[in-house]
1. Report yes if Leu107 is crowded, with 17+ Cβ neighbours inside 10 Å, touching a residue at least 40 places away in the same chain (Cβ under 8 Å) and not in a strand (DSSP E or B), otherwise no.
2. Starting from the range 61-73, keep only residues that are closer than 18 Å to Trp32 by Cβ and at pLDDT 95 or above, then list their pairs with residues that are among the small types (Gly, Ala, Ser) and part of a loop (DSSP other than H, G, I, E, B) whose Cβ atoms are within a distance under 6 Å, requiring at least 6 positions of separation or different chains.
3. For the range 80-92, enumerate the residues that are out of contact with any helix residue (DSSP H, G or I) (no Cβ under 7 Å at 6 or more places or on another chain) and either hydrophobic (A, V, I, L, M, F, W, C) or more than 18 Å from Ala109 (Cα to Cα) (or both).
4. If we keep just the residues of the range 53-76 that are among the hydrophobic types (A, V, I, L, M, F, W, C) and assigned to a helix (DSSP H, G or I), which is farthest from Gly93 (Cα to Cα)?
5. Which residue pairs have Cβ atoms closer than 9 Å, lie 6 or more positions apart in sequence or on different chains, and pair a first residue in the range 18-34 that is part of a loop (DSSP other than H, G, I, E, B) with a second residue that is polar (S, T, N, Q) and surrounded by 15 or more Cβ atoms within 10 Å (Cβ to Cβ)?
6. Is it true that Ala11 is surrounded by fewer than 18 Cβ atoms within 10 Å (Cβ to Cβ), out of contact with any strand residue (DSSP E or B) (no Cβ under 6 Å at 6 or more places or on another chain) and within 17 Å of Leu108 (Cβ to Cβ)?
7. Scan the range 40-52 and tell me whether some residue there is part of a strand (DSSP E or B) and among the β-branched types (Val, Ile, Thr).
Amino acid sequence: MGGQALKVDEAGWDANVMKAPELVMVDFWAVWCGPCQMVAPIVDELATEYAGKLRVYKLNTDENPEIAGRYQVMSIPTIVFFKNGQPVEKLIGARPKRQFKETIDALLAQHSATA
């Protein structure tokens, strides 16, 4: 399981993100967004490295504007982390992989402590 971020849209949002038992990372992106293209391979690598601990999805904001609006995604790429259907962290803009890993590790540590 894992290896690449999975596409999610309005139809699968509740089942895949809101009802997920584990930590979920959603990459809000668009085809025309240069920084999104830079982050895409990092997101896929994270999906592989954290398989089994973290669900990773990509949401195209052009195709799903209502979900992007619901979480106040004003600029992309924006990465939002969800736990128990609630957004728990938001990273805006392209970042090095190390920063994503630091955030994921901190969130996993904090949620395993409260689990």
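The values are calculated or read from the model by the stated rules, or taken from the named source; none is laboratory data. Just so you know, these numbers come straight off a predicted model, no measurement behind them. Glycine gets a Cβ as well: all are built from the backbone with ideal geometry, and neighbour counts include every protein chain shown.
1. Working: crowded, with 17+ Cβ neighbours inside 10 Å: yes; touching a residue at least 40 places away in the same chain (Cβ under 8 Å): yes; not in a strand (DSSP E or B): yes.
Yes, satisfied.
2. As it stands, the answer is Thr61/Ala30; Asp62/Ala30, since those pairs meet every condition given.
3. If the condition is that a residue be out of contact with any helix residue (DSSP H, G or I) (no Cβ under 7 Å at 6 or more places or on another chain) and either hydrophobic (A, V, I, L, M, F, W, C) or more than 18 Å from Ala109 (Cα to Cα) (or both), then Val80, Ile92 are the ones that fit.
4. Filtering the range 53-76 for residues that are among the hydrophobic types (A, V, I, L, M, F, W, C) and assigned to a helix (DSSP H, G or I), the one farthest from Gly93 (Cα to Cα) comes out as Ile67.
5. Filtered contacts from the range 18-34: Ala30/Asn60; Ala30/Thr61; Val31/Asn60; Cys33/Thr61.
6. On the way: surrounded by fewer than 18 Cβ atoms within 10 Å (Cβ to Cβ): yes; out of contact with any strand residue (DSSP E or B) (no Cβ under 6 Å at 6 or more places or on another chain): yes; within 17 Å of Leu108 (Cβ to Cβ): no.
No.
7. We begin by selecting, within the range 40-52, every residue part of a strand (DSSP E or B); these are none.
No, because not a single residue in the range 40-52 is part of a strand (DSSP E or B) and among the β-branched types (Val, Ile, Thr).
Yes or no, residue by residue, for (1) within 12 Å of the chain's Cα centre (by Cα); (2) not hydrophobic (A, V, I, L, M, F, W, C):
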residue	(1), (2)
Trp29	yes, no
Trp32	no, no
Pro41	no, yes
Asp44	yes, yes
Gly52	no, yes
Lys58	yes, yes
